[in-house]
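Structure record follows, encoded as structure tokens.
The values are calculated or read from the model by the stated rules, or taken from the named source; none is laboratory data. This structure is a prediction, so every number in the text was calculated from the model and none was measured. Methodologically, a virtual Cβ is constructed for each residue, glycine included, from the backbone with ideal geometry; neighbour enumeration extends over all protein chains shown.
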Amino acid sequence: MRRSDKPLGPPAAEVVLHSARMSLGQPRTQVVAVAPVAHVDAARVVRERRLALGHHEEPEVLVAVTEVRASTASPTLRTGFFNPWLGRRIRRRRLRSLMPSSRLSRVEPSEEIRRVIQRWLAAISDADADSALGRLSDEPGTVMIGTDPEEWWRGREIRAIWARQLEEHGGFAITLEGIDAWEEGTVGWASVRVALTLSGQTHDARVTHVLHLERGEWKVVQCHWSLSQPNEALGLTLTRTLEELERTIERDRPDLSSTLAADGTVTIVFTDVVDSTVLTSRLGDGAWREVLRRHDAVIADATTAHGGRVVETQGDGSMLAFSSARRAVACARAIQSEIDRVFADDSPPIRVRIGIHTGDAIHEADRFFGTTVNYAARVASQALGGEVLVSSLVRSLVAGSGIEFLEGREVDLKGLDGSHQLFAVDLT
């Protein structure tokens, strides 16, 4: 490459060297060096760059050298492809104008960073201070965090303290269990699972790295070592894997198949606290939460006792499901009786309204949908505080079971055509 007679001045007076290799049949390029035009022999820089990365054989790929030249107009790129061992231009063509772009580089796996980290950890394992410290960035924002609470170093202090530590431990076995490495432009990162063998004991550890491309070399700007510790040691029991999450969901999801009758129908019950907004305002948030806790306990206990399922609870309302209309009505009566007992001394009084309907419903996992659900909700909206209101179908289904009803009433139900006859259960 022809050298300039004099520097062209920053930042345009730079030569940018790209390695080009094939990946899945497509060319992939990566910046490997940046240097002033007047002070670099392109072929020499590329050759030294490849040797530094351990590529001692002649490459099968070419190296693209882009040369930036200053002009009064928009700067342009000229590019030529070189064999760095021959130092000869293969072809040359003009590229698009070198203008700032808002396009982000593509995030992609980085085999180069993976190898860099692999060699770096090997140097640490061998207590090779020159190689280990040489991979660190000289930037003042560089940070290294160790496993000891005091090991949080920044900038120049990293080299001083870490050099002494490498001398003190004299090396230890590091077994790699996998390196996950990525890059985007001049930034890269890697996470590593390792097993550390120290003083005859093996410890599971994780190491994370952030790297920055500085004059063609990946330099570590952040490194964090941590020893694996179970959550239980911190007094916590948390979901840790997708498999555990799936098992938890399956365990916690209610099995609603038992709420379907033999003919596929289901009886839906809606409960709702009357005038909850007024009660919240008068009681205050803390007292209202305690009311809801006691209310929810009553609903859950009665539902379980009568063979039903609490499908959903939202605020002061609940949706219950039963395979039997008779059990659903019996449960509703028990709820009203227990609410009266539990909240007998409360002021203002806590009153619950309940609506019930039976029919076909769309059953998906732990939810019910469809007209039957909507109908039951509309019945509940017509009920008074302390009342259990059922559809005419439910009344006919429980006839002869000993459950008595008060005189029916004709109502319009929102979103449903015509008038509908509803019946209140006799709770005396």
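In the set T147, T197, only one residue is in contact (Cβ under 8 Å) with a residue 60 or more places away in the chain, of a type outside the set (K, R) and on the phi < 0 side of the Ramachandran plot; that residue is T147.
The residues of region 314-334 that are basic (K, R) and within 12 Å of A302 (Cβ to Cβ), listed by number, are R327, R333.
Quick check: is even one residue across region 296-307 assigned by TED's automatic domain parsing to the domain that holds S381, farther than 30 Å from S396 by Cβ, modelled with pLDDT of 90 or more and not aliphatic (A, V, I, L, M)? Checked against the condition, which is being assigned by TED's automatic domain parsing to the domain that holds S381, farther than 30 Å from S396 by Cβ, modelled with pLDDT of 90 or more and not aliphatic (A, V, I, L, M), region 296-307 yields at least one hit.
Mind checking which residues of region 120-142 are surrounded by 15 or more Cβ atoms within 10 Å (Cβ to Cβ) and more than 13 Å from K219 (Cβ to Cβ)? Of everything in region 120-142, those that are surrounded by 15 or more Cβ atoms within 10 Å (Cβ to Cβ) and more than 13 Å from K219 (Cβ to Cβ) turn out to be L121, A123, I124, S125, D126, A127, D128, A129. In region 219-243, the residues that are at pLDDT 95 or above and exposed (fewer than 10 other Cβ atoms within 10 Å of the Cβ) form no Cβ pair under 8 Å with any partner that is in a strand (DSSP E or B) and among the aliphatic types (A, V, I, L, M), whether six or more places apart or across chains.
Which residue out of I145, I117 is within 21 Å of G188 (Cβ to Cβ), under 30 Å from the mean Cα position of the chain (by Cα), hydrophobic (A, V, I, L, M, F, W, C) and surrounded by fewer than 18 Cβ atoms within 10 Å (Cβ to Cβ)?
Working: I117 fails: surrounded by fewer than 18 Cβ atoms within 10 Å (Cβ to Cβ).
Criteria check complete, one pass: I145.
In a residue-by-residue description of region 244-266, the property of being surrounded by 13 or more Cβ atoms within 10 Å (Cβ to Cβ), among the polar types (S, T, N, Q), at pLDDT 75 or above and in the same structural domain as V390 (by TED's automatic domain parsing) applies to at least one position.
Could you pull out the residue among G286, G359, G315 that is surrounded by fewer than 22 Cβ atoms within 10 Å (Cβ to Cβ), within 23 Å of H420 (Cα to Cα) and small (G, A, S)?
Values: G286 fails: within 23 Å of H420 (Cα to Cα); G315 fails: within 23 Å of H420 (Cα to Cα).
After ruling out the rest, the residue left standing is G359.
For T202, the stated conditions hold: it is exposed (fewer than 12 other Cβ atoms within 10 Å of the Cβ), within 30 Å of P109 (Cβ to Cβ) and without any contact (Cβ under 8 Å) to a residue 60 or more places away in the chain.
Here is the figure for region 150-164: residues that are at negative phi, surrounded by 13 or more Cβ atoms within 10 Å (Cβ to Cβ) and not hydrophobic (A, V, I, L, M, F, W, C) total 2.
Please go through region 273-305 and give me each residue that is charged (D, E, K, R) and under 35 Å from the mean Cα position of the chain (by Cα), ordered by number.
Our first condition is that a residue be charged (D, E, K, R); within region 273-305, this holds for 275, 282, 285, 289-290, 293-294, 296, 301.
Listed by number, the residues that qualify are D285, R289, E290, R293, R294, D296.
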